[in-house]
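Read through the structure below, which is laid out as structure tokens, and then see the notes.
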Amino acid sequence: MIALPVPMIVALLLGYLFLRAILFEKTSRLLAALLLACACQSVTVSLVHYYGFDAIRLLQPVMASMIPALAWMAFLQSSLRSRLVGTDLCHFLAPVVMVIVILAMPVLIDALLGGLFVGYASAILIALHRQGNDLAHSRLASGHVPALIWRVIAIALIVSAFSDLLIAAALQFRAEGATGVILSIFSSLAVLTIGFLALSPDLAIGSGDDDNGVDDIEPSSAPDKTAPDTPDIPVDEIMAAVEQLISGQKLFLDPDLTLARIARRLGYPLKQVSTAINQSTGENVSRYINRFRIDYACEELARGQNVTTTMLASGFNTKSNFNREFLRITGQTPSQWQQQQIPAAAVATTATRRGS
């Protein structure tokens, strides 16, 4: 019977997910690349630590250095801008820097690798803290889920760095037998978590955000209504424009709607739109938009439409997001709400007929 080490099993699983992503899923190229990098890293770990391929041992830190850099660039694409700019390409230099360190100062390999993982993870967490749940190019129907996924990915990066420290400590104290356990439990679990979450449909970028290369509105291109960094944001003016756009044109029914598209249509910077909605309603942008969607869904359910048809008609892509937002706003599941409303409507209709 052939026994495979845990990292190799993880590699095969991630490889399968990568092929499925590029063939059948609408996964961004950067997220697919992140998935592939995780799979290749697991293969390298297996070959070195379980099959004795010491000749490629130095390839392991080079492969590993790609993971946090790709995670950061994928995060940039989903939160700050739909397309990378020239300065973002510097993050691709992480493996190059690792090769230089391997050749010139190999004693710094572990420190550099840990710094990359912790540094990029911290950058993701800091950016999420500043933005809250309003990621510019994530579909608003997904609510807080994209931000939550990126937080978990950042934590997984930190766990992976921690596992490298444990391995270094085990080797320092001549406990070589512990390295296999650490690789199987910490490293493989962290890599598998990153790979699985990278495939989440909630990380999909709105299709209207990456077709024309238009990014967030910068101060120089925004109208002279209020500078983005000015503390006095015209909240009433922005909210009037938002409500006319969202409610008047029923833009909330678009399942690919994102904060970036709203800001671009309004001609205001992203931060101003997000701040105005938060100050005026006490909710973030996704919750504000999803409230319109749930109100519309209630109308459809009251008319007798089934839950799936209502979900798609009201601007949601997945049933889990629809059910979560419906429960948050109404306190009931769509089916429970409909069961209570339709009998009441039937009684009211019967009473009207008798009265006539």
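What to note about this one:
- Longest DSSP-loop-exposure-free segment, chymotrypsin sites (Phe, Trp or Tyr not before Pro), the chain, at most 12 other Cβ within 10 Å: 174-356
- Charge dipole (debye, nearest 20) of segment 248-298; +1 at Cβ of Lys and Arg, -1 at Cβ of Asp and Glu: 120
- J(HN,Hα) series, segment 241-252, from Karplus relation 6.51 cos²θ - 1.76 cosθ + 1.60, nearest Hz, glycine and proline x: 5, 5, 5, 5, 6, 6, 7, x, 9, 6, 5, 5
- For the chain, a simple Cβ point-charge model (Lys and Arg +1, Asp and Glu -1, everything else neutral) yields a dipole of about 940 debye relative to the Cα centre.
- The angle between the Cα long axis of helix 59-79 and the main principal axis of the chain comes to about 20°, on a 0 to 90 degree scale.
- Neighbour cut-off at most 14 other Cβ (10 Å), DSSP loop, trypsin sites (Lys or Arg not before Pro), segment 1-72: K26, R57
- Cleavage-rule hits, trypsin sites (Lys or Arg not before Pro), segment 228-288, DSSP coil, Cβ neighbours within 10 Å at most 14: K250
- Counting charges near R328 (Lys, Arg +1; Asp, Glu -1) among other residues having Cβ under 15 Å from its Cβ returns a value of +2.
- Three-way shape label, segment 1-142, alpha-carbon gyration tensor, a/c 1.5: oblate
- Accessible-area order (highest first, 1.4 angstrom probe) of the listed residues V118, V191: V118, V191
- The calculated FRET efficiency for the pair Q332 and R83, based on their C-beta separation and a Förster distance of 35 Å, comes to about 0.30.
- FRET efficiency, 1/(1 + (r/R0)^6) with R0 30 Å, evaluated for A168 and V96 via beta carbons: 0.85
- Options I167, I194, A204, ranked by Cα towards positive dipole end of segment 72-207, top entry (Cβ charges): A204
- Helical runs assigned H by DSSP (4 residues or longer) give the chain a calculated mean residue ellipticity at 222 nm of -21000 deg cm²/dmol, each run adding -39500 (n - 2.57) before division by the residue total.
- Nitroxide proxy distance, nm - points 7 Å out along Cα→Cβ at A240 and M105: 6.0
- Given charges at Cβ of Lys, Arg, Asp, Glu: the chain dipole, positive-most of A178, V145, T87: V145
The values are calculated or read from the model by the stated rules, or taken from the named source; none is laboratory data. This is a predicted model, so every value here is computed, not measured. A quick note on method: Cβ atoms are made from the backbone with ideal geometry, for glycine too, and the neighbour counts reach across all protein chains shown. Calculation scope for accessible area: heavy atoms of the full protein, side chains included, ligands and nucleic acids excluded. Shrake-Rupley method; radii C 1.70, N 1.55, O 1.52, S 1.80 Å.
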